[in-house]
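The values are calculated or read from the model by the stated rules, or taken from the named source; none is laboratory data. Just so it is clear, the model here is predicted, and its values are computed rather than measured. Because the Cβ atoms are built from the backbone with ideal geometry, glycine has one as well, and the counts that use them run over all protein chains shown. Side chains are part of the model used for accessible areas, which takes the heavy atoms of the whole protein and leaves out ligands, DNA and RNA. Shrake-Rupley method; radii C 1.70, N 1.55, O 1.52, S 1.80 Å.
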Amino acid sequence: MKSIKCNNSNSKAVTFFPNGGRADQIMVFATQDGEYWFSIGKFYKSEKSAKRAAVKTMLKYGYTFDAQEMESLTIV
């Protein structure tokens, strides 16, 4: 399980969770103050698609991430 905070909010983040440790079933959760806020999609088959979904979904709510930090984040 790996988390990354939004760069324009101290309380919002996303958490990537490989289902059963599987790299082809990555779940993504938005969190607020370290607590579950909502799910982003269902499962993602790659780190790239999970990260892309997290960035795109959180942007709809006005939250952004440091691109370099997101790029270097390893989930599995």
Computed [θ] at 222 nm, helices only, for the chain once each DSSP H run of length n ≥ 4 contributes -39500 (n - 2.57): -7500 deg cm²/dmol
FRET efficiency, Gln32 to Glu71 (Cβ-Cβ, R0 25 Å, nearest 0.05): 0.55
Å² of accessible area per residue within the chain, as computed with a 1.4 Å probe and no ligands counted: 63 Å²
Net charge of neighbours whose Cβ lies under 14 Å from the Cβ of Asp24, counting Lys and Arg as +1 and Asp and Glu as -1: +3
Sites Asn10 and Phe43, calculated FRET efficiency, Cβ-Cβ separation with R0 25 Å, nearest 0.05: 0.30
Rounded tilt (10° steps) of 47-60 against the dominant C-alpha axis of the chain: 30 degrees
The stretch 18-68: trypsin sites (Lys or Arg not before Pro) falling in loop per DSSP and having at most 12 other Cβ within 10 Å: Arg22, Lys45
Share of carbon and sulfur in the accessible heavy-atom surface of the chain [1.4 Å probe, %]: 51 percent
